[in-house]
Amino acid sequence: MEPALRAGRRALPVGALALALAALAGPGCAVFRCRPPVPPRPAPGYERLRDAPADVDAGGLVGRRIALDPGHGGFFRGALGVGGLTEAEVNLGVALTLRDRLVAHGAHVFLTREDDRDFLTAADSSLSADLAERARRAAAFEPDLLVSIHHNADPRGAHDRNETQTYYKLGDEGPSLDAAQDVHRALVRNVGIRANQVLPGNYYVLRSSTAPALLTETSYITNPDVEARLRLREKQRLEADAMFLGLARYFARRVPVIEEFRAEEQQNPVCPTLRATVRGPFDHVRMTVDGREVEPLRSGPRLTWDSPVSLAGGEHRATLRVALSGEGSSRERALAFVTTRAPTGLSASFPGQLPWDGRQPLGLEVRGLAGAGALYTDSLFLRVRVCRGSLAPAETLLTMLGGTAWVYFRDGREPIGHPAMRGPGSLPPWQTASHVEVEAWSRGLASRVHPARFVAQAGLTIGDAPVSPFRTGFALRMPEGVPLRDAPGTTGPEPALRWINRDGYVVLPRDSSGAVHVPALPGYRAWPSDSTFPPRFTPICGGALHGRRILLDPEGGGNDAGGQGPGGTRGATLNLECARILAGFLAAAGAEVKLTRQGDFALSDVERVQLAESFRAERYLRLSHAGPARLGTYPTSAAGRAWAARTAASLAALGLPAPPASDEAQYVIQQTSCPALLAAPGSLAGEASEARLLAPGALRAEAYALFIALAREWARAADWPSDSLTVLGDDGRPVAGAVVALGDALVLVTDALGRIRFVRSEPGPIDVALPGDSRLHRRLTLLESQRGAVLTGTTGR
């Protein structure tokens, strides 16, 4: 440095001085327009092995059966590096090297593929078919462990991510977790990628495996530095050697073995005893019966559990797992067993139909009994005879299934004319009695014959009272006009609905005025009619949602606000409210619905996925209002992408913004076994968007659009035209926030323009009501040809 500069005697040029002062006075980037520094990409790893394969004790591998699944292949290339390297070829390279290592130490190894191929056929070219064939091939090998080998990709296209992830089979916190932890530790230690995690996984190859199973995502092939290393055979070999070290450690664990697990019938065949014998030391036992954890008694290597209560007749499932803590866990053993209840009797009655006026249908309910108030649900053969009276038919033979049977009668008397023409001293018709006898015999499960015969009797008085206290009849399905059968809630041994049975037979009481009120029927809306009886219904959305199992997951909860608007609105709150509204729509349409949370509390993503799996959900819908509006699916889910497209179309058809589709790698979207969708149709990002979400009817309109999109999952070819209804007050102004009920089934709320938008998802006319609004006392029927109707004040038009 020059002396003059050291002493500060030389003057800077004017321009340079101005720049220097500006740099000192304010943000330098604003002056020089510099870019913020780009953070370095994470270390790619694959430097060197820290542990030598020759130094590990691999004796536990001798004779072990290990299935290796190199992910993807053939048509399915998997993740793609920026330089063109495919995940499929890297997975295979690692698997081939690992196979050679394992075989050299005495293991028996099976590869689901040994070259670049898929398992598609001319009959089925879907990804699910390819995965199913891999799983079948692996299962046929009967492995001690399944290892699926993969390399990751960032679904949003980022190239600066790198992480080691190891997944174990969801729900198997025993050997699958043990194996995953050993392999994961060896990968982290020897591949050397700092970011890492072990996660429960619900990928197809994991959940379909009967053996312990794990899946590795050792690194991100979409990171260019990682891709460059994975091109090299020695780096693939390094990864295979690391996995070999982990597998050797896992098979060296001391693991107890369940040698025997059986069910024994004692004196009472519905109170069985479960017995097990275990080889090797253990200090932890987990036994379940029908999903409920029970406590067996231990005596040395033997375990015994006696059922303290009678089990329901039929099939049952028990599981057992034992472990030596700190060492290893046995594979779970499952046991299926059957308990049979001998029938103990019958009951027969005419529910709610005494006395009977002889003019309406008459239904006899017969129930098989198995003691202690339980139903006998195996088959029973019935003979129903009219022993006294004038019911027809006089004799009926039928088979009872599921514990209940119904027999229908009519009045078999000849007409006797007007009451004034009856002779003096004749019995009034309401004193006429009838008596029915039911005889039953059975053939039980497992060809066990219960030769005893049972008899039940039922009697009734046939009356001719001016007003019968009940009404009976068969509900009709419209527009066909045929009997309505097997409605949701009417099937099974103990149906949820008692006023209508599986045949559509209805028994309803009259009120004090003699009127009959027909309840709402899940899955149906009322068909407008001039008369109450017989009740007429039409299936909502054509019955597309009947019995469908749908899990709704409101994002956030507890400490996770799920996003927050400028005005303080929590996304978690909106998500829960939207889920509750949507659940109401779905339940009204006959679906089975479950929410992951019912309150504002924290719930882990793993717990959410476990709820979906235990519920056996057919669709998983996560509701969000955080981040940009979007419809997100897992990148490889064709069903998810189709669902997102239908949802966007549904939103647009109802006049709502249709957000773009996006790839999502959220754990819950990735791990559910059914198609999953992240629906974020609105955002709390700004004041205007927050206000839109809080506007009258906005959240309900959003939920309704999601409901229609779900219905279209099972009614894709249906033609459902869009429609609207506008509600005006006496002054002609729009009424915002008015509640509108469609067919007494679906409830919408008018927006700021006094309007609701809906689709004609069922044929025929629709009853529209404005319940609970003192300003508007109006009910009308919209004809099928009407569109864009307007209701004005108390008269409407």
Of the residues in the range 313-336, those that are farther than 30 Å from LEU375 by Cα and either out of contact with any His (no Cβ under 7 Å at 6 or more places or on another chain) or open to solvent by 20 Å² or more (accessible area, probe 1.4 Å) (or both) come to ARG321, LEU324, SER325, GLY326, GLU327, GLY328, SER329, SER330, ARG331, GLU332, ARG333
Those residues of the range 628-639 which are open to solvent by less than 50 Å² (accessible area, probe 1.4 Å) and under 24 Å from LEU684 (Cβ atoms) amount to ALA629, ARG630, LEU631, GLY632, THR633
Reported set for the range 337-366 where residues are open to solvent by 20 Å² or more (accessible area, probe 1.4 Å) and either touching a helix residue (DSSP H, G or I) at 6+ places or on another chain (Cβ under 7 Å) or modelled with pLDDT of 95 or more (or both) is VAL338, PRO355
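Matching residues to (1) at positive phi; (2) open to solvent by 10 Å² or more (accessible area, probe 1.4 Å); (3) touching a strand residue (DSSP E or B) at 6+ places or on another chain (Cβ under 7 Å); (4) not hydroxyl-bearing (Ser, Thr, Tyr):
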site	(1), (2), (3), (4)
ARG510	no, yes, yes, yes
HIS517	no, yes, no, yes
GLY523	yes, no, yes, yes
PHE533	no, yes, yes, yes
LEU551	no, no, yes, yes
ASN559	no, yes, no, yes
GLU577	no, yes, no, yes
ALA583	no, yes, yes, yes
ALA588	no, yes, yes, yes
Among ASP182, ASP160, ASP130, the single one that is over 18 Å from LEU98 (Cα atoms), in contact (Cβ under 8 Å) with a residue 12 or more places away in the chain and either open to solvent by less than 40 Å² (accessible area, probe 1.4 Å) or among the aromatic types (Phe, Trp, Tyr) (or both) is ASP130
Every listed condition ((1) crowded, with 17+ Cβ neighbours inside 10 Å; (2) farther than 18 Å from LEU654 by Cβ; (3) at pLDDT 85 or above; (4) of a type in the set (A, V, I, L, M, F, W, C)) holds for VAL790 save (1)
Restricting attention to the range 640-679, the residues that are under 24 Å from ARG616 (Cβ atoms) and either open to solvent by less than 10 Å² (accessible area, probe 1.4 Å) or in contact with a Phe, Trp or Tyr (Cβ under 8 Å, 6 or more places away or on another chain) (or both) number exactly 17
*asked:* Among the residues of the range 289-308, are any open to solvent by 20 Å² or more (accessible area, probe 1.4 Å), in contact with a helix residue (DSSP H, G or I) (Cβ under 9 Å, 6 or more places away or on another chain) and either part of a strand (DSSP E or B) or closer than 11 Å to ILE258 by Cβ (or both)?
replied: no
Inside the range 595-619, the number of residues satisfying the requirement of being over 29 Å from ARG760 (Cβ atoms) and out of contact with any Ser or Thr (no Cβ under 8 Å at 6 or more places or on another chain) is 13
Picked from the range 97-112 (must be closer than 27 Å to ALA228 by Cα and free of Cβ contacts under 8 Å to residues at least 60 places away in the same chain), the residue farthest from the chain's Cα centre (by Cα) is ASP100
Picked from the range 203-222 (must be open to solvent by 10 Å² or more (accessible area, probe 1.4 Å) and touching a Ser or Thr at 6+ places or on another chain (Cβ under 8 Å)), the residue farthest from ASN152 (Cα to Cα) is ARG207
Here the residues within the range 368-378 that are out of contact with any helix residue (DSSP H, G or I) (no Cβ under 7 Å at 6 or more places or on another chain) and over 20 Å from GLU395 (Cβ atoms) are LEU369, ALA370, GLY371, ALA372, GLY373, ALA374, LEU375, TYR376, THR377
Residues in the range 295-326 that are among the β-branched types (Val, Ile, Thr), closer than 30 Å to GLY403 by Cβ and at pLDDT 95 or above total 1
| field | Test result for ALA138, under 31 Å from the mean Cα position of the chain (by Cα) and buried (at least 16 other Cβ atoms within 10 Å of the Cβ) | value | yes
Practice task
State whether one or more residues within the range 490-498 are within 26 Å of VAL436 (Cα to Cα), in a strand (DSSP E or B), of a type outside the set (S, T, N, Q) and open to solvent by 30 Å² or more (accessible area, probe 1.4 Å).
Solution key: no
How many residues of the range 702-720 are in contact with a strand residue (DSSP E or B) (Cβ under 7 Å, 6 or more places away or on another chain) and either over 17 Å from ALA679 (Cα atoms) or among the small types (Gly, Ala, Ser) (or both)? The answer is 1
Note on the range 515-536: residues modelled with pLDDT of 95 or more and among the aromatic types (Phe, Trp, Tyr) are TYR524
Residues in the range 47-72 that are over 25 Å from LEU146 (Cβ atoms) and either touching a residue at least 60 places away in the same chain (Cβ under 8 Å) or not in a loop (DSSP other than H, G, I, E, B) (or both) total 5
Within the range 776-785, of all residues that are assigned to a strand (DSSP E or B) and open to solvent by less than 50 Å² (accessible area, probe 1.4 Å), the one modelled with the lowest pLDDT is LEU780
Within the range 478-489, residues surrounded by fewer than 16 Cβ atoms within 10 Å (Cβ to Cβ) and either outside any loop (DSSP other than H, G, I, E, B) or not small (Gly, Ala, Ser) (or both) come out as PRO479, GLU480, VAL482, PRO483, ARG485, ASP486
Filtering the range 73-88 down to residues that are under 35 Å from the mean Cα position of the chain (by Cα) and not in a strand (DSSP E or B) yields GLY74, PHE75, ARG77, GLY78, ALA79, GLY81, GLU87, ALA88
The strands (runs of 3 or more DSSP E) lying entirely within the range 147-228 that contain at least 1 residues which are closer than 25 Å to ARG65 by Cα, at pLDDT 95 or above and small (Gly, Ala, Ser) are 196-201, 213-220
If we keep only residues of the range 750-764 that are open to solvent by less than 30 Å² (accessible area, probe 1.4 Å) and either of a type outside the set (Gly, Ala, Ser) or in contact (Cβ under 8 Å) with a residue 40 or more places away in the chain (or both), then the residue farthest from THR538 (Cα to Cα) is THR750
Heads up, the strands (runs of 3 or more DSSP E) in the range 661-775 (entirely inside) with at least 3 residues that are among the hydrophobic types (A, V, I, L, M, F, W, C) are 676-680, 722-728, 739-742, 746-749, 755-759, 766-769
query = Would you say ALA242 is open to solvent by less than 20 Å² (accessible area, probe 1.4 Å) and closer than 16 Å to ARG48 by Cβ?
reply = yes
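The values are calculated or read from the model by the stated rules, or taken from the named source; none is laboratory data. Just so it is clear, the model here is predicted, and its values are computed rather than measured. FYI the Cβ positions are ideal-geometry reconstructions off the backbone, even for glycines, and counts take in every protein chain you see. Remember, those area values only see protein heavy atoms, side chains included, never the ligands or the DNA or RNA. Shrake-Rupley method; radii C 1.70, N 1.55, O 1.52, S 1.80 Å.
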